[in-house]
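The structure appears right after this line, and notes come after that.
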Amino acid sequence: MPLYLVSSPAAAKLAAGGPHAPPHRRRHLLFRAPHRPSRRAPLLSSAAERPAGRAMAAAETGASTATDSRLRATGVKQALISLSDKTDLANLGNGLQRLGFSIISTGGTASSLEASGVNVTKVEEITHFPEMLDGRVKTLHPSIHGGILARRDQEHHLKALKEHGIGTFDVVVVNLYPFYDKVTSGAISFEDGIENIDIGGPTLIRAAAKNHKDVLVVVDHKDYPALLEYLEGKQDDPHFRRTLAWKAFQHVASYDSAVSEWLWKQSNKEDPFPPSFTVPLTMKSTLRYGENPHQKAAFYGDKSLSLVNAGGIATAIQHHGKEMSYNNYLDADAAWNCVSEFESPTCVVVKHTNPCGVASRQDILEAYRLAVKGDPVSAFGGIVAFNRTIDEDLAREIREFRSPTDGETRMFYEIVVAPGYTEKGLEVLKGKSKTLRILEAKRSGKGMLSLRQVTGGWLAQESDDMTPEDITFTKMSERSLEDSELSDAKFACLCVKHVKSNAIVIAKNNCMLGMGSGQPNRRESLRIAFKKAGEEAKGAALASDAFFPFAWNDAVEEACQSGIAVIAEPGGSIRDQDAVDCCNKYGVALVFTGIRHFKH
């Protein structure tokens with residue numbers, strides 16, 4: 001609306017403090033032209049004049065009783081709609097109009113409603129104030145928030161509304177600027193990010209949610225049918241109202257967490273640990289139970305900005321099989337994180353989050369066979385992961401492969417996960433079992449913040465992204481390593497970082513022959529690994545996730561006596577020299593990596 005100078009001497013005197021007001025008072029004598037009702041929809045009771053404007057008009061002309069009553073709340077049902085995402089807006093608007101609601105709206109939302117045949121009153125017709133500051137200020141006005149926040153069971157609230165000619169709102173439907181989508185869509189300037197932070201929307205949502213006893217607040221287009229059904233029923237349901245209010249506050253909290261995370265990273269790029277932060281979780285599914293049948297469980301997706309395009313099991317597509325269980329997610333995650341570390345064609349078999357078989361070959365079919373052969377007993381009922389697309393030949397091999405233990409029993413798996421499937425490969429693999437879960441996942445990313453819960457708090461750390469290519473293998477023994485031995489040591493080290501501590505891995509020719517995990521002492525883990533590897537351990541590489549505290553008559557000497565060719569460990573023990581001397585005695589190569597890979 002245009003602005004005009006106040007031309008009435010009486011009004012000027014009232015507003016500015018007299019005809020001789022100083023300049024700093026006179027400069028405020030700008031008032032809006034009298035409001036003309038919209039032709040789109042009749043002016044509603046909540047279309048109040050601004051208080052200063054009413055006072056001025058009353059002083060100048062004397063407001064009539066009829067005009068004054070027009071400005072007061074009359075009990076007309078009103079809905080405020082302001083949306084960025086306009087999905088199903090037409091159905092909502094027409095549904096509310098059919099139920100007798102007068103609809104107040106803003107900018108583009110109002111235009112969309114009008115295009116759908118819905119009568120609309122624009123917000124500025126209620127506030128008598130235009131959008132300003134490039135749209136930053138639209139609904140931040142007492143004529144809007146008074147009508148939302150007023151408690152209908154408090155007479156003094158209703159009296160205040162009546163005095164100011166403000167009508168009540170019964171329904172508020174709002175969603176927010178797509179900040180999350182904007183800042184994750186690619187390169188965006190800091191200024192553009194700031195401009196996509198919604199202010200008016202969260203304020204409306206919070207106000208309506210706080211007063212949910214009197215105002216229904218909706219932030220999700222999926223709730224439109226339930227809202228209309230509820231309004232048609234004409235019966236009050238406090239639980240329904242509280243559920244919408246909870247969802248509204250959660251919506252704003254998630255939104256604010258994205259803004260907070262983004263702002264922290266804009267000003268603290270090198271510090272991954274803010275003093276406080278919120279993790280926005282969204283339930284993806286309820287689970288049959290947790291680790292055990294007596295425990296209830298659910299699965300949540302993490303909407304943190306840092307995890308956009310991060311890949312992993314949380315965003316995997318399930319093509320076939322039974323619904324995923326709590327333990328399925330843990331095992332699949334372990335298998336996928338492990339196989340994602342390898343560049344060459346690799347198969348990883350996991351049981352209870354520990355890799356029990358790992359093999360890399362240019363022929364992915366051979367890699368699969370060798371991975372299962374590494375521990376066929378443990379592989380039965382496990383999770384099989386590949387870092388290559390599964391085609392028809394590989395799918396058929398998975399479907400028909402017999403256990404190496406007897407050559408007859410067809411191998412059974414809980415889950416197969418891969419980065420992709422050919423059409424025929426997926427068809428063949430589905431034929432293995434109705435229950436086989438077939439997942440398609442994107443490669444797990446690096447540089448993530450790892451969170452783990454302890455009673456009463458959380459531990460946060462950077463993910464362990466260190467690979468053999470990032471490590472310097474320092475020869476400590478008299479005997480040097482052959483190239484093949486160093487390759488074996490690197491492969492064993494890459495495997496051992498995914499095995500639960502205390503962890504030992506024996507490997508040769510890019511194949512894990514045996515592993516020992518989760519034992520309270522390293523010597524027991526070593527013995528388990530040798531038991532699994534058998535005679536193949538001779539001439540192989542052995543990797544330990546941490547240093548050996550003792551060498552003589554302990555793990556190092558046992559390894560040397562069992563025919564190991566090379567030992568790779570971090571070093572760092574006060575008895576490191578004992579390990580060096582022991583390996584020299586038996587002619588075993590010893591390398592220190594300087595990197596520990598504890599995994600608890």
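The values are calculated or read from the model by the stated rules, or taken from the named source; none is laboratory data. Quantities reported herein were computed from a predicted structural model and do not represent experimental measurements. Positions of Cβ are generated from backbone atoms using ideal geometry, with glycine treated the same way; all protein chains shown enter the neighbour counts. With ligands, DNA and RNA removed, areas are computed over all heavy atoms of the protein, side chains included. Shrake-Rupley method; radii C 1.70, N 1.55, O 1.52, S 1.80 Å.
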Report task. Filter region 233-268 down to the residues that are over 30 Å from Asp192 (Cβ atoms) and among the acidic types (Asp, Glu), then identify the one that is most open to solvent (accessible area, probe 1.4 Å). Result -> Asp236
Query raised in the report: Applying the selection to region 106-147, what residues are over 17 Å from Ala207 (Cα atoms), more than 32 Å from the chain's Cα centre (by Cα) and in a loop (DSSP other than H, G, I, E, B)?
Result: Ser116, Gly117, Val118, Asn119, His128, Phe129, Pro130, Glu131, Leu133
**Report entry** Identity of the residue in region 438-463, out of contact with any Phe, Trp or Tyr (no Cβ under 9 Å at 6 or more places or on another chain), over 19 Å from Asp271 (Cβ atoms) and surrounded by 13 or more Cβ atoms within 10 Å (Cβ to Cβ), that ends up modelled with the highest pLDDT
**Finding:** Lys442
Report task. Check region 120-142 and report whether any residue there is of a type in the set (A, V, I, L, M, F, W, C), within 23 Å of Ala209 (Cα to Cα), surrounded by 17 or more Cβ atoms within 10 Å (Cβ to Cβ) and in contact with a Phe, Trp or Tyr (Cβ under 8 Å, 6 or more places away or on another chain). Result -> no
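Against the definition (under 30 Å from Asp181 (Cβ atoms), open to solvent by less than 90 Å² (accessible area, probe 1.4 Å) and touching a residue at least 60 places away in the same chain (Cβ under 8 Å)), how does Ser285 come out, yes or no?
Details: under 30 Å from Asp181 (Cβ atoms): yes; open to solvent by less than 90 Å² (accessible area, probe 1.4 Å): yes; touching a residue at least 60 places away in the same chain (Cβ under 8 Å): no.
So Ser285 fails the test.
To keep it simple, each residue is scored yes or no on (1) over 19 Å from Leu426 (Cα atoms); (2) among the β-branched types (Val, Ile, Thr); (3) open to solvent by 10 Å² or more (accessible area, probe 1.4 Å); (4) in contact with a helix residue (DSSP H, G or I) (Cβ under 6 Å, 6 or more places away or on another chain).
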position	(1), (2), (3), (4)
His320	no, no, yes, yes
Val339	yes, yes, no, no
Val350	yes, yes, no, yes
Gly357	yes, no, no, yes
Ile383	no, yes, no, yes
Thr389	no, yes, yes, no
Asp393	no, no, yes, no
Query - Positions within region 85-105 being open to solvent by less than 50 Å² (accessible area, probe 1.4 Å) and closer than 23 Å to Ala207 by Cα, in sequence order - result: Leu89, Leu92, Gly93, Leu96, Phe101, Ser102, Ile103, Ile104, Ser105
Requested in this report: Could you grab me the full set of residues in region 572-600 that are within 23 Å of Pro520 (Cβ to Cβ) and more than 38 Å from the chain's Cα centre (by Cα)?
Outcome: Gly572, Ser573, Ile574, Arg575, Asp576, Asp578, Ala579, Cys582
Report task. Need at least 3 residues that are touching a residue at least 60 places away in the same chain (Cβ under 8 Å) and open to solvent by 30 Å² or more (accessible area, probe 1.4 Å) per element, so show me which helices (runs of 4 or more DSSP H) inside region 148-197 make the cut, counting only ones lying wholly within it. Result -> 155-164
Report summary line: Matching residues in region 498-508 (surrounded by fewer than 24 Cβ atoms within 10 Å (Cβ to Cβ) and closer than 21 Å to Asp465 by Cβ) number 2
Report task. Would you please list the contacts, defined by Cβ atoms under 6 Å and residues six or more apart or on different chains, that run from a residue in region 353-379 that is touching a residue at least 24 places away in the same chain (Cβ under 8 Å) and not assigned by the TED database to the domain that holds Asp391 to a residue that is in a loop (DSSP other than H, G, I, E, B) and crowded, with 24+ Cβ neighbours inside 10 Å? Result -> none
Query raised in the report: Would you say Lys475 is open to solvent by 50 Å² or more (accessible area, probe 1.4 Å) and either polar (S, T, N, Q) or at pLDDT 90 or above (or both)?
Result: yes
Report task. Kindly list the number of the only condition in (1) among the polar types (S, T, N, Q); (2) assigned to a loop (DSSP other than H, G, I, E, B); (3) open to solvent by less than 80 Å² (accessible area, probe 1.4 Å) that fails for Thr278. Result -> (3)
Report summary line: A careful count of residues in region 302-327 that are in contact with a Leu (Cβ under 9 Å, 6 or more places away or on another chain) and more than 18 Å from Pro280 (Cα to Cα) gives 11
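Residues are listed down the side, and each one gets a yes or a no for (1) outside any loop (DSSP other than H, G, I, E, B); (2) modelled with pLDDT under 95; (3) out of contact with any Cys (no Cβ under 7 Å at 6 or more places or on another chain):
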position	(1), (2), (3)
Ser306	yes, yes, yes
Gly311	no, yes, yes
Asn328	yes, no, yes
Asp333	yes, no, yes
Ser344	no, no, yes
Cys347	yes, no, yes
Pro355	yes, no, no
Tyr368	yes, no, no
Ala371	yes, no, no
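Condition (residue is more than 19 Å from Ala559 (Cα to Cα) and either under 38 Å from the mean Cα position of the chain (by Cα) or among the small types (Gly, Ala, Ser) (or both)) applied to region 504-513: is it met by at least one residue? Show your work before the answer.
Step one: of region 504-513, the residues more than 19 Å from Ala559 (Cα to Cα) are 510.
Among the residues that remain, those that are also either under 38 Å from the mean Cα position of the chain (by Cα) or among the small types (Gly, Ala, Ser) (or both) are: 510.
Yes; the residues of region 504-513 include at least one that is more than 19 Å from Ala559 (Cα to Cα) and either under 38 Å from the mean Cα position of the chain (by Cα) or among the small types (Gly, Ala, Ser) (or both).
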Requested in this report: Test Ala207 against the criterion of being surrounded by fewer than 16 Cβ atoms within 10 Å (Cβ to Cβ), assigned to a helix (DSSP H, G or I) and aliphatic (A, V, I, L, M), and give yes or no.
Outcome: no
Report task. Specify which of the listed residues (Ala559, Ala537, Ala579) is farther than 30 Å from Cys347 by Cβ and among the aliphatic types (A, V, I, L, M). Result -> Ala579
